[in-house]
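Engineer: Okay, handing you the structure first.
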Amino acid sequence: MTHTTLVAAFALACGIAGAQDTNPPARPAPGGDHMFKMMDTDSDGKVSAAEHAAAVTSMFATMDANSDGKVTAEEMTMAHQKITGRAPAAGEMSAAEKIKVIDANGDGMLTAEEHATGSKTMFERMDGDKDGFLTRAEMAAGHAMKMRKGAQ
Ligand SMILES: [Ca+2]
Ligand SMILES: [Ca+2]
Ligand SMILES: [Ca+2]
């Protein structure tokens with residue numbers, strides 16, 4: 001294998017090369033506006049804590065493919081690919097890293113309770129003006145922050 005081939009293979013493994021083919025600029029960012037509309041069940045343009053919690057609960061059920069009450073990194077990766085149609089892009093957190101952030105007992109899996117508690121913390125962190133509702137802008141800013149590696 002030549003050096004150039006190695007570099008190309010590495011770029012491909014990191015999703016750098018693949019991102020250009022699978023993600024044309026015209027396509028809206030996955031999980032952005034669609035996710036917001038899904039969560040805003042009363043369509044008032046804001047996501048309340050209750051709306052967020054309901055979405056989190058149904059998200060957990062979706063991710064828990066074998067319904068054992070726990071979500072593993074594999075299950076989260078599979079659910080992510082099903083929803084967005086792609087693997088996490090370069091620079092995005094992997095499922096294992098996302099789990100680690102809210103995995104209270106450190107067993108590498110999420111229970112519904114850990115997921116709910118972690119998501120509530122994220123809601124509060126994303127709610128920049130602390131009015132108890134997430135606007136589109138607040139959610140977009142929060143997700144950008146969350147996806148950046150090493151962000152706390
Ligand atoms: Ca709402
Ligand atoms: Ca499971
Ligand atoms: Ca807010």
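The values are calculated or read from the model by the stated rules, or taken from the named source; none is laboratory data. Please read these numbers as outputs of a predicted model, since none were measured by experiment. When we count neighbours, we look across all protein chains shown, and the Cβ atoms used for this are built from the backbone with ideal geometry, even at glycine.
Engineer: For GLY132, indicate whether it is over 15 Å from the mean Cα position of the chain (by Cα), free of Cβ contacts under 8 Å to residues at least 60 places away in the same chain and within 16 Å of ligand 3 (Cβ to nearest atom).
Structural biologist: Against the criterion (over 15 Å from the mean Cα position of the chain (by Cα), free of Cβ contacts under 8 Å to residues at least 60 places away in the same chain and within 16 Å of ligand 3 (Cβ to nearest atom)), GLY132 does not qualify.
Engineer: Now for a separate question. Please identify the pairs in which a residue from segment 43-61 that is among the hydroxyl-bearing types (Ser, Thr, Tyr) has its Cβ atom under 6 Å from the Cβ atom of a residue that is within 14 Å of ligand 3 (Cβ to nearest atom), counting only partners at least 6 apart or on another chain.
Structural biologist: Listed by first residue and then by second, the contacts come to SER48/PHE133.
Engineer: Specify which of the listed residues (ASP127, ASP64, ASP131) is acidic (Asp, Glu) and surrounded by fewer than 16 Cβ atoms within 10 Å (Cβ to Cβ).
Structural biologist: It is ASP131.
Yes/no per residue for (1) hydrophobic (A, V, I, L, M, F, W, C); (2) closer than 25 Å to LEU134 by Cβ:
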{"position": "MET59", "(1), (2)": "yes, yes"}
{"position": "THR62", "(1), (2)": "no, yes"}
{"position": "MET76", "(1), (2)": "yes, yes"}
{"position": "ALA87", "(1), (2)": "yes, no"}
{"position": "ALA90", "(1), (2)": "yes, no"}
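Engineer: Show me the helices (runs of 4 or more DSSP H) found entirely inside segment 43-152 where at least 1 residues are at pLDDT 90 or above and more than 21 Å from ASP33 (Cα to Cα).
Structural biologist: Filter on segment 43-152 gives 49-63, 73-84, 95-102, 112-126.
Engineer: How many residues, within segment 34-70, are more than 10 Å from ligand 1 (Cβ to nearest atom), farther than 18 Å from MET122 by Cβ and in contact with a helix residue (DSSP H, G or I) (Cβ under 7 Å, 6 or more places away or on another chain)?
Structural biologist: Residues in segment 34-70 being more than 10 Å from ligand 1 (Cβ to nearest atom), farther than 18 Å from MET122 by Cβ and in contact with a helix residue (DSSP H, G or I) (Cβ under 7 Å, 6 or more places away or on another chain): 3 in total.
Engineer: Would segment 94-101 turn up any residue that is surrounded by fewer than 16 Cβ atoms within 10 Å (Cβ to Cβ), more than 16 Å from ligand 2 (Cβ to nearest atom) and at positive phi?
Structural biologist: So far as segment 94-101 goes, no, none of its residues is surrounded by fewer than 16 Cβ atoms within 10 Å (Cβ to Cβ), more than 16 Å from ligand 2 (Cβ to nearest atom) and at positive phi.
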